Each structure stands twice: as structure tokens, then as C-alpha cells.
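A short reminder: the numbers here are calculations on the coordinates, not readings from a lab. Keep in mind it's a predicted model, so treat the numbers as computed, not measured. Neighbour counts are summed over all protein chains in view; Cβ atoms, including those assigned to glycine, are modelled from backbone coordinates with ideal geometry.
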Amino acid sequence: MIDFSIEPEFQAKLDWMNAFVREECETMDLLWPEMGANFETHRADARRHLKPLQDQVKAQGLWACHLGPHLGGPGYGQVKLGLMNEIIGRSSWAPTVFGTAAPDTGNAEILAMFGTPEQKQKYLGPLMDGDIVSCFSMTEPQGGADPGEFTCKATLVKNDKGEDVWEIEGEKWFSSNAKLATFLLVICVTDPDKPLTERMSMFIVPTDTPGINILRNVAIAGDRDPENGHHAHIRYEKVRVPFDHMLGERGGGFKVAQARLGGGRIHHAMRTVGICNRALEMMLERVVSRRTRGRTLGDHQMVQDKIASSIVELEAFRLLVLKTAWIIDEVEEGRLPHGSARNHIGMCKIGLVKIYHDVVGRSLELHGSLGISLDLPLAKWYGGHMSLAFADGPTDVHKSQLARAYMKKAKPVDGIFPSEHIPTRTAAALARYPNARDAK
């Protein structure tokens with residue numbers, strides 16, 4: 001039986017989170033609204049305000065809850081994490097306040113699973129404490145997120161001491177937060193002649209390593225300076241790292257990368273629910289406050305259609321995400337086979353872009369000119385929604401994978417007519433029951 005219920009003690013934690021995010025995290029959004037400000041560890045004013053809030057989160061036992069018990073975390077499970085992320089999604093600062101900001105969350109999981117004790121001490125501890133940030137450097141300028149087009153390579157060479165080291169050469173594109181990061185996780189081709197999923201390896205690369213050249217920091221919608229964004233175009237020029245800086249096995253980079261994505265996609269989806277909840281709240285407040293043609297906006301049927309559609313679609317998407325989280329929990333408990341959540345994770349990735357676009361867009365529309373102004377957060381939210389179509393893999397790729405997974409289960413019909421062809425089925429029914437239509 002599918003069950004999303006939680007115990008009263010955890011509900012109390014969610015209630016605390018809800019009040020805390022609204023009162024404290026949303027306040028930080030107002031005080032430091034610049035995109036990426038939550039990753040700028042050198043901002044003394046923001047960090048001075050941030051640390052006491054993080055201490056409150058830690059005192060509640062809600063810090064960095066994305067790690068499972070086998071990685072040193074509390075082990076809440078994906079349903080509870082989903083409910084937490086629904087609240088966290090209301091604020092751009094909340095992930096940092098709660099120690100769950102991407103890409104640091106996924107990078108922390110990789111380090112916890114594959115890092116050496118020395119690497120964990122040097123990088124994982126400070127990352128978990130929120131003292132440093134990290135970067136996941138995977139996509140490339142000529143091929144985007146398609147691993148079959150990757151050319152950035154790592155080759156074993158000897159250093160001046162005669163030791164084996166890895167030398168990285170090539171370019172990476174849209175490496176978020178590279179300019180602020182202490183280390184990068186870089187996927188490189190190490191075995192070009194092997195099958196695609198065994199061709200790449202992952203490396204931890206300290207950002208002070210010689211040869212890391214940031215060509216540009218690409219800006220996106222919402223950034224104030226078009227030449228000082230947070231998404232780096234990097235050229236790696238004979239960047240050398242120690243032999244033990246490979247994470248996982250040689251040729252296992254694809255598996256290592258996938259290890260960070262499943263739960264992360266659920267968290268992105270529930271944070272989308274959170275921001276859509278906020279947009280819906282704004283929509284409802286607007287339509288009972290604003291008047292036109294002698295009535296409130298909410299008295300007009302076209303407006304009611306937008307409200308009802310938003311409520312129904314958001315609830316349906318929320319339940320899809322929670323069901324997916326439940327499936328992941330069942331897999332972790334051994335009650336469902338490995339891979340059972342794959343299709344549902346893809347559904348969440350596909351659905352979140354549309355629900356975000358539709359609910360935030362309707363709220364913006366009902367606020368009129370105020371909605372597209374920067375006096376409200378709606379225009380910024382709406383302008384950034386398409387980034388969700390690219391994060392954690394292009395949405396169209398997930399659509400294709402989902403369709404092919406379901407088509408594999410389908411069987412071709414025997415004959416020229418579909419299996420639901422009424423004349424054919426009627427003839428078969430009469431053959432089974434030849435006297436069914438007799439008058440007597």
C-alpha cells in the first residue's frame with residue numbers, strides 16, 4: 001500500500017521549517033537577492049547573518065539531511081526529504097541555510113561514497129559545514145550533456161618524481177559556481193575505445209591546480225552582469241592531479257555521476273512544488289484583492305479557470321513526486337527491485353518544467369504589469385524556469401527514454417486491425433457465446 005503518512009514528531013519539524021523559511025529564509029532573499037549570492041562565501045555581511053540561522057537548523061536536527069545513514073546522514077528517506085524540500089523550495093537562500101544547496105549536495109554524496117579518507121577530511125567536512133562550495137564540471141561546449149560527444153580527456157603520465165598522475169586536457173561548459181569553488185568534480189574520457197558507459201572517469205580537481213583557465217563566467221536570466229555570471233566555460237590545459245584523485249573505478253565515471261542524480265531530481269521537483277505553492281498563494285491573494293469591471297478578479301470565470309487549473313495540476317504533480325519518492329524508499333528497503341523508480345524519476349523531470357511554467361505564468365498574468373516588474377519575484381521566477389529543462393539532463397532526453405521504456409512493454413497486434421477493433425472483438429465474443437443475442 002502506498003503510504004505518505006509521517007509521524008507527529010516529524011510533522012512538528014515540518015511545521016517549524018515552514019515558519020522558519022517564511023520568516024527567516026525569505027528575509028534573506030530580500031536582503032541579498034542577487035543570483036548566486038548564497039554561494040559567495042566571501043560575503044561577510046550575508047555570512048554573518050547566515051551562520052546563526054544554520055545553527056538553528058542544526059539544533060533542530062535538520063542540517064544536510066540529504067545523506068543516507070550509510071553516508072553519515074539521518075536517513076529520513078525520500079518521502080520525508082520530499083516534504084522538506086517542498087518547504088525549502090519557497091526561498092532561494094533556504095537550501096544554503098539547510099545545507100542542501102545543489103550542486104554541493106550531489107557532490108557531497110559522491111565524496112562520501114568514493115572519496116579517500118584524506119579527501120573526505122579535506123573537502124567533505126568543510127563542504128558539509130557550509131564553509132566551501134564545489135562545482136560539477138561535466139557538460140562540454142561542442143556536445144552539451146551528451147557523453148558520446150565528450151572530448152575532454154585524462155591521460156596517465158609521469159610527473160617530475162616519476163609518479164603516475166592524471167593529466168586533464170579539454171574544455172567544459174556551464175560549470176556552475178566554478179569561480180567560487182574550492183574543488184571541481186570533472187568527468188573525463190579515459191578509455192575512448194570502450195563502450196560509452198565505460199569510457200569516462202571522474203576526478204576531484206582542486207581549483208588552485210595550475211592549468212585551470214576560466215574563459216568566461218556565463219550569465220543567465222536574472223544575473224545582473226552579463227559578463228560575470230556563475231556558469232563557467234573552462235579550459236583545462238595539462239591540469240595534473242594525483243593518481244588517487246580518480247573517484248570510483250577507471251571507466252566508472254558514468255555510474256558515479258548517476259549515483260548523485262536520482263534523489264536530486266526528486267528534491268528539484270519538490271522544490272518546484274514549493275515555489276509553485278508560493279506563486280499560487282500570490283495568485284489567490286491577488287484575485288480577492290483586485291477589482292475590475294465592478295467585481296473582484298476572482299469573480300470572473302476565466303480567472304477561476306486559471307486558479308482551478310493551477311490547483312489541480314499542482315496537486316497531481318505533487319502526488320507523482322511523492323509516489324516516486326515512496327518507490328525509491330521501497331527500493332532502499334529491499335521491497336522493490338533496483339531500478340523500479342527509473343521511469344517515475346523521468347516523469348518528475350518531465351513534469352516539473354511544465355508545472356513551473358504554467359502556475360508561475362498564470363500568477364504573473366493575473367498580476368498584470370506588476371507581475372512582469374521586479375517589484376514582485378514572479379518575473380525572476382518565470383525568466384529562470386527554462387533552466388529546469390536543462391538541469392540534471394535535458395527534458396527531451398527523459399521524454400525519449402520514458403517513451404521507449406513503455407514501448408518495450410507493448411506487443412505488436414496480430415493482423416491489420418488494432419486489438420480494440422470493435423467488429424473483430426464482437427465477432428470473437430459471438431464465437432464464444434453464439435446464442436447471446438437470441439430473443440429467448
Determine the dipole magnitude for segment 288-440: charges of +1 sit on the beta-carbon of Lys and Arg, -1 on that of Asp and Glu, nothing else is charged, the reference point is the Cα centre, and the result goes in debye to the nearest 20.
480
Descending packing, highest mean Cβ count within 10 Å first, for 39-51, 418-430 is 39-51, 418-430
Calculate I(q)/I(0) for the chain by the Debye formula, one identical point scatterer on each C-alpha and no solvent, and give its log10 at q = 0.09, 0.14 Å⁻¹ to two decimals.
-0.65, -1.40
For segment 134-251, diffusion coefficient by Stokes-Einstein and Kirkwood Rh (Cα), 10 °C, 1.306 mPa s, µm²/s
109
For segment 316-388 versus segment 180-239, the gap between their alpha-carbon centres in whole angstrom
27
Once the dipole of the chain is set up with Lys and Arg at +1 and Asp and Glu at -1 on Cβ about the Cα centre, which of Val413, Ala219, Ala436 lies farthest towards its positive end?
Ala436
Among Asp223, Asp191, Asp3, which comes first, second and so on when ranked by fewest other beta-carbon atoms within 10 Å?
Asp3, Asp191, Asp223
Listed with the fewest Cβ neighbours within 10 Å leading, Trp93, Trp381 appear as Trp381, Trp93
Spin-label pair Glu169/Phe417, simplified geometry with 7 Å Cα→Cβ offset, distance in nm
6.7
Which trypsin sites (Lys or Arg not before Pro) in segment 89-169 sit in a loop by DSSP (not H, G, I, E or B) and have at most 16 other Cβ atoms within 10 Å of their own Cβ?
Lys161
Provide Phe390, Phe136, Phe174 in ascending order of the number of other Cβ atoms located within 10 Å of each residue's Cβ, fewest first.
Phe390, Phe174, Phe136
Hey, what number do you get for the chain at 222 nm if only DSSP H runs of n ≥ 4 count, each worth -39500 (n - 2.57), divided across all residues, to the nearest 500?
-14000 deg cm²/dmol
Normalised by the residues of the chain, what does the relative contact order come to in percent, with Cα pairs under 8 Å and at least six apart?
13
Springs between alpha-carbon atoms under 10 Å, Gaussian network over the chain: tell me which of Met302, Met200, Met246 tops the mean-square fluctuations.
Met302
The chain - charge dipole about Cα centre, Lys and Arg +1 at Cβ, Asp and Glu -1, debye rounded to 20
1360
Based on the mean of other Cβ atoms within 10 Å per residue, sort peptides 287-297, 342-352, 404-414 so the most packed one is first.
342-352, 287-297, 404-414
At 37 °C and a viscosity of 0.692 mPa s, what translational diffusion coefficient does Stokes-Einstein give for segment 21-116, taking Rh as the Kirkwood radius over Cα pairs? Give it in µm²/s as a whole number.
235
Given charges at beta-carbon only (K, R positive; D, E negative), |dipole| of segment 8-101 in Debye:
240
Relative contact order (%) - segment 356-402, alpha-carbon pairs under 8 angstrom, separation at least six
28
